[in-house]
Amino acid sequence: METKLRRNERAMKTREEMERLLERMPVGCLCVATESGPYAVAMNFLFLDGCVYLHSAKQGRKIAAIKANPNVCFLVHECGPLVIRDKSCGIGQAYKSVICFGEAALVEDAGEKRSVLEKMIDKYAPNAMEAKKLDAENVERTAIIKITIAAMSGKANEIT
């Protein structure tokens, strides 16, 4: 999917800049298509090796949607301060955002699932050594969603 920005001067210039935001942000929004319309849900995630990983229960609305249509998008954003300006409506918002378009699939390999879960624990609770001892039952009952990114775009308004 081609992504074109209306305000090209705000486009993030490199993939590396977009990836740094994906690595840093704690929460992103998964967007899927359902029979009754779009569905978006905020989720913790891991950006690893150019893919987005999410953990989930094995059933539910997002899992059913992904099985029916694996095309998804995933958004992260970082809000900065509001700034009084002389232009437009007199106020501006500093921000950075990245939107990824791709295909979601459930990870079936137990070793890959365990590795992703351990890296997620490292991201969110780096000092939780006991939590890293995932038993096979915990790994088995958890769904891991892998989004293979086909395209992404980033936008930033870094008001000074």
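The values are calculated or read from the model by the stated rules, or taken from the named source; none is laboratory data. Everything numeric in this text was worked out from a predicted model, so none of it was measured. As a convention, Cβ positions derive from the backbone with ideal geometry for all residues, glycine included, and neighbour counts pool all protein chains shown.
Can you confirm whether Val76 is in contact with a Gly (Cβ under 7 Å, 6 or more places away or on another chain), under 26 Å from Ala33 (Cβ atoms) and of a type outside the set (S, T, N, Q)? For Val76, the condition - in contact with a Gly (Cβ under 7 Å, 6 or more places away or on another chain), under 26 Å from Ala33 (Cβ atoms) and of a type outside the set (S, T, N, Q) - is met. Taken over region 22-39, residues that are assigned to a strand (DSSP E or B) and surrounded by 13 or more Cβ atoms within 10 Å (Cβ to Cβ) amount to 8. If you go through region 129-153 and pick out every residue that is of a type in the set (A, V, I, L, M), more than 24 Å from Phe74 (Cβ to Cβ) and modelled with pLDDT of 90 or more, you end up with 0. Scanning region 28-40 for residues that are in contact with a helix residue (DSSP H, G or I) (Cβ under 7 Å, 6 or more places away or on another chain) and under 21 Å from Ile121 (Cβ atoms) turns up just one, Leu30.
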